[in-house]
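For reference, the structure discussed in these notes is given below.
The values are calculated or read from the model by the stated rules, or taken from the named source; none is laboratory data. Bear in mind that the values here come from a model prediction, so they are computed numbers and not experimental data. Cβ coordinates were reconstructed from backbone atoms using ideal geometry, including for glycine residues, and neighbour counts include every protein chain displayed. Ligands, DNA and RNA are excluded from the accessible area calculation, which covers all protein heavy atoms including side chains. Shrake-Rupley method; radii C 1.70, N 1.55, O 1.52, S 1.80 Å.
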Amino acid sequence: MNASSRVTFLFLALLAGAPASGVAQEVDFIMPPGLYASRQYVSNRALTRPANRYIRVRTTNFLLHRVREADEGLVVESRYCHIEQEPLGRVRTSIGPQFVAAMPAWEAPLTRDSESEDAGALRLAEAVMVLGARLDDPADDALPEDEDDPRVTDPDGDGNPGVTVEVSGFVSGQVYVVQRLVRGLIGTATQDGRATGSVFGAGDQTVIGASNAILKSFTPRFVHNPDPKRNTFVWVPVPDGSSCENVMAGRDRLFGED
């Protein structure tokens, strides 16, 4: 058995639950090509108006990831399956299936984390996604603040500018936003075949319209909380061919209870 095969065999043994004493010290980390699912918690502070105070709010994201080999190494194609957001006081926002479907898949390299001495340490490189606008420089261009900005698009195809967020509570309706998400992962593979760690990155959002003036005026501003303990992920292997529906139906079994 050559060195590459031995490394792959040892990691597959981890996935099968075989004893792995000393493996992390003896081999470099390898994530076998295949299909994986993740649950990610992202923490923000929402500046509510007119109270002008911050409320901590957590967003729970479920994703599918396809790991494949490329000339430059391992590459991961990721896509969102489902998004849930905690209520903002008496107001609840809903990220519907049209919104999620409008979020494009993206690719990023998966490497061993060079800053860690743990052989199971991994890093999924940071990637930038802009929803509701077409920017020349997605990472640095200012987001549109008006629906008449020619850069605004309608990726969810509902006839409204940007992407639509449903709002319910003491004021109900729709808010039309442009979002920029910056996401990456850094963590460690564990003996049961999972990887756990922190979500890093940030993001911003502008409100470019709403179904009524009150919603546009009082939609909270979100500020990312960079504390890694409040931005975490669990990543697990799933059978090839698994769908987002499979992931959501088996979420507690795959990721454990919240």
Condition (residue is in contact with a Pro (Cβ under 8 Å, 6 or more places away or on another chain) and part of a strand (DSSP E or B)) applied to segment 178-194: is it met by at least one residue? yes
Given the conditions (1) charged (D, E, K, R); (2) in contact (Cβ under 8 Å) with a residue 24 or more places away in the chain; (3) farther than 19 Å from LEU185 by Cβ, report the number of the one that ARG112 does not fulfil. (3)
Among the listed residues PRO150, PRO138, identify the single one that is touching a residue at least 40 places away in the same chain (Cβ under 8 Å) and open to solvent by 20 Å² or more (accessible area, probe 1.4 Å). PRO138
Kindly evaluate ASP118 against the criterion of being in a loop (DSSP other than H, G, I, E, B), out of contact with any helix residue (DSSP H, G or I) (no Cβ under 7 Å at 6 or more places or on another chain) and open to solvent by 20 Å² or more (accessible area, probe 1.4 Å). no
Residue among GLY209, GLY197 that is touching a residue at least 60 places away in the same chain (Cβ under 8 Å), closer than 23 Å to ARG90 by Cβ and buried (at least 18 other Cβ atoms within 10 Å of the Cβ): GLY209
Within segment 56-99, restricting attention to residues that are of a type in the set (Ser, Thr, Tyr) and either open to solvent by less than 30 Å² (accessible area, probe 1.4 Å) or farther than 24 Å from ASP252 by Cβ (or both), which residue is farthest from the chain's Cα centre (by Cα)? THR93
Criterion (surrounded by fewer than 18 Cβ atoms within 10 Å (Cβ to Cβ), modelled with pLDDT of 90 or more, charged (D, E, K, R) and under 15 Å from the mean Cα position of the chain (by Cα)) met by exactly one of GLU145, GLU166, GLU107: GLU107
